[in-house]
Amino acid sequence: MRVARLTLPALLAALLLALAPGRASAAGLVYSGTGWKIATKDGIHSLSPKPYVFTFTDTASRTRLTPYAKAAATQLTSVTGTTFTVSTTIEVPPAEGSCPTEHHLILGVKYRPVGSKGMSHAWNCYTNRPGQPDYHAAWGGWAWIDSEYWSTSSWFSTNSTVNTARIKNAVSHEIGHLVGLDHPNKDLDGDGTVESYECAKTTGGYLPLMCSPHGGYTSSTNGGKFTSRDTPGLRQLVDNYGMG
Ligand SMILES: [Zn+2]
């Protein structure tokens, strides 16, 4: 009977949905929340469950940035469930407009990489599966961190604890772009302009790490960490993978 043949798959589908409450249809794709935003403007909709690896542009950058990369990798692995590791590999970043090896996150230190004082920058790529935006996962990319942060002992603050934390935040912020987070700045005061530092704060009063131009915790223990505003965005990146 035709009806019976149609009914059984429907029942199975209902059962599978009930068994997998964390799964969602295309309607379940989410790209922003309070204090976080996914970088769909860069083509990134999700984070792959396959491992990502940090590499470095040169040995001096590797020496300087390895501790920062390790701290970020530990938190990213813990929050997302995707494994992030820090290698000792040196590789030249590709020309602008090109992409590196899949799942390589290349870090380097450079004086004013985009020509502006104090500005670092990340170039990210995404996996292109036409018609399947949920599979447009963070591919990898590279980030240049402005060397000026280490040029004095007080680039960001005369308080050495705050200064150290804010250098860590600056590095992690660029890493956040590489894995698919955008600035969550929003017109919260309703004046018609999205301003610098205009981001939903944590309950403790901190700006999200991904806030533009910068945010994050400023203590010695929490500097460099994605805040409680950023971490739901990191989790959503993983949840979006393969959801379409
Ligand atoms: Zn940024």
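Pick from ASP134, ASP187, ASP146: which is most flexible by mean-square fluctuation in a GNM of the chain where alpha carbon atoms under 10 Å apart are linked?
Highest fluctuation among the options: ASP187.
Run the numbers for MET119 and THR59: contour at 0.36 nm per residue of separation, minus the present Cα-Cα distance, in nm.
19.4 nm
Fully extended, how many nm does the chain gain between SER32 and TRP150 (0.36 nm per residue separation, minus their Cα-Cα distance)?
39.1 nm
Test of understanding: extend the Cα→C-beta vector of SER196 to 7 Å, then name every residue of region 76-119 with backbone N under 16 Å from that spot.
The answer is 114-119, whose backbone nitrogens lie closer than 16 Å to the label point.
Using the Cβ atoms and a cut-off under 13 Å, what net charge is assigned to the surroundings of THR193, where Lys and Arg are +1 and Asp and Glu are -1?
For residues surrounding THR193, the net value is -4.
So which residue, out of GLY176, GLY35, GLY97, gets the largest mean-square fluctuation from a GNM of the chain using Cα contacts under 10 Å as springs?
Greatest mean-square fluctuation among the candidates belongs to GLY97.
In what order do LYS225, LYS41 fall by count of nearby beta-carbon atoms within 10 Å, going from fewest to most? Working shown, then result.
On the way: LYS225 22, LYS41 10.
Fewest-to-most ranking of LYS225, LYS41: LYS41, LYS225.
Rounded to two decimals, what is Rg over Rh for the chain when you use alpha-carbon atoms and the Kirkwood radius?
The Rg/Rh ratio comes out at 1.05.
Ignoring solvent entirely, what values of log10 I(q)/I(0) come out of the Debye formula for region 121-244 at 0.14 Å⁻¹ when each Cα is a single scatterer?
For region 121-244 at q = 0.14 Å⁻¹, log10 I(q)/I(0) is -0.68.
Once the dipole of the chain is set up with Lys and Arg at +1 and Asp and Glu at -1 on Cβ about the Cα centre, which of PRO232, SER172, MET210 lies farthest towards its positive end?
PRO232
Of the options THR161, SER116, PRO130, report the single residue whose Cα projects farthest towards the positive end of the charge dipole of region 55-169 (beta-carbon charges: Lys, Arg +1; Asp, Glu -1).
THR161
For each of HIS45, HIS121, count neighbouring Cβ atoms within 10 Å of the residue's Cβ, then give the residues from fewest to most.
Going from sparsest to densest Cβ surroundings: HIS121, HIS45.
What number of lysine-lysine pairs in the chain show an alpha-carbon separation below 12 angstrom, given a sequence spacing of 8 or more or placement on distinct chains?
Working: LYS37/LYS186; LYS70/LYS168; LYS70/LYS225; LYS168/LYS225; LYS186/LYS201.
Close lysine pairs found across the chain: 5.
Which residue fluctuates most in the GNM of the chain (Cα springs below 10 Å): PRO133, PRO67, PRO100?
For the chain, modelled as a Gaussian network with Cα springs under 10 Å, the answer is PRO67.
Kirkwood Rh and Cα-based Rg: tell me the resulting Rg over Rh for region 62-115, rounded to two decimals. Show your work: numbers first, answer last.
Numbers: Rg = 12.7 Å, Rh = 12.8 Å.
Looking at region 62-115, the ratio lands at 0.99.
Need the C-alpha centroid separation for region 32-100 versus region 181-238, integer Å.
If we compute the Cα centre of each part, the gap is 18 Å.
Give the percent of DSSP beta bridges with both residues in the chain that are antiparallel, rounded to the nearest 5.
Antiparallel bridges make up about 40 percent of those DSSP assigns within the chain.
Quick one: order GLU96, GLU91 by neighbouring beta-carbon count within 10 Å, fewest to most.
GLU96, GLU91
Quick check on the chain: helices-only [θ] at 222 nm, where DSSP H runs of length 4 and up contribute -39,500 (n - 2.57) each and the sum goes over total residues. Nearest 500, please.
So the helix-based figure for the chain works out to -9500 deg cm²/dmol.
Each reported figure results from applying straightforward, stated rules to the coordinates on display, with no laboratory input. For clarity, every value in this text was computed on a predicted model and none was experimentally measured. Here Cβ is always computed from backbone atoms with ideal geometry, including for glycine, and neighbour counts include all displayed protein chains.
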